[in-house]
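Chemist: One structure coming up, written as structure tokens, with questions to follow.
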Amino acid sequence: MSYNIFTFPSEAQMLLHIKLWEEHFPAMFEKLKEKGCTAYSYNQVWNSPGTFKTSVMYEYESPEAFKACQNVMKEFAAPLMGEIKATGAVIEASRNVIRHSARVS
């Protein structure tokens, strides 16, 4: 699993990032699924007053799937890099091993 937090200088920049995500990410996820990404969740952090943050969590079939998906993400993001940089996002990235998980089906 990987988890990233995006922190933005302003609400407008956060909203631009959300717009970019909503417009472009569904197509990228189709490519990620082919490489072993099994799920993702894009979220807006709301319990941190005065800050503008979103986060994303990805789940993968295996460590190899994670590596393959990183290449897809780089290729997909390259033509959007100007717009992505305009958001001013500071990215805090983490890679995780799930030790315990529960879901309601």
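Chemist: Could you please find all residues in segment 15-66 being touching a residue at least 12 places away in the same chain (Cβ under 8 Å), under 13 Å from the mean Cα position of the chain (by Cα) and closer than 14 Å to I84 by Cα?
Modeler: H17, I18, L20, W21, H24, F25, T54
Chemist: Right, next: Being surrounded by 12 or more Cβ atoms within 10 Å (Cβ to Cβ) and without any contact (Cβ under 8 Å) to a residue 60 or more places away in the chain is the filter here, so list the residues in segment 71-98 that pass it.
Modeler: V72, M73, F76, A77
Chemist: If I ask for residues that are loosely packed, with under 13 Cβ neighbours inside 10 Å and among the small types (G, A, S), which ones from segment 1-38 would you list?
Modeler: Passing the criteria: S10, A12, A27.
Chemist: Which residues, counting only those in segment 39-52, are under 24 Å from F66 (Cα atoms), surrounded by 11 or more Cβ atoms within 10 Å (Cβ to Cβ) and out of contact with any Lys or Arg (no Cβ under 8 Å at 6 or more places or on another chain)?
Modeler: Within segment 39-52, A39, Y40, Y42, N43 qualify.
Chemist: Of the conditions (1) within 18 Å of T7 (Cβ to Cβ); (2) under 13 Å from the mean Cα position of the chain (by Cα), Q70 satisfies every one except a single condition; which number is it?
Modeler: (1)
The numbers here are math on the coordinates, done by the rules we state, and not lab data. Keep in mind the model is a prediction, meaning the values are calculated, not measured. Positions of Cβ are generated from backbone atoms using ideal geometry, with glycine treated the same way; all protein chains shown enter the neighbour counts.
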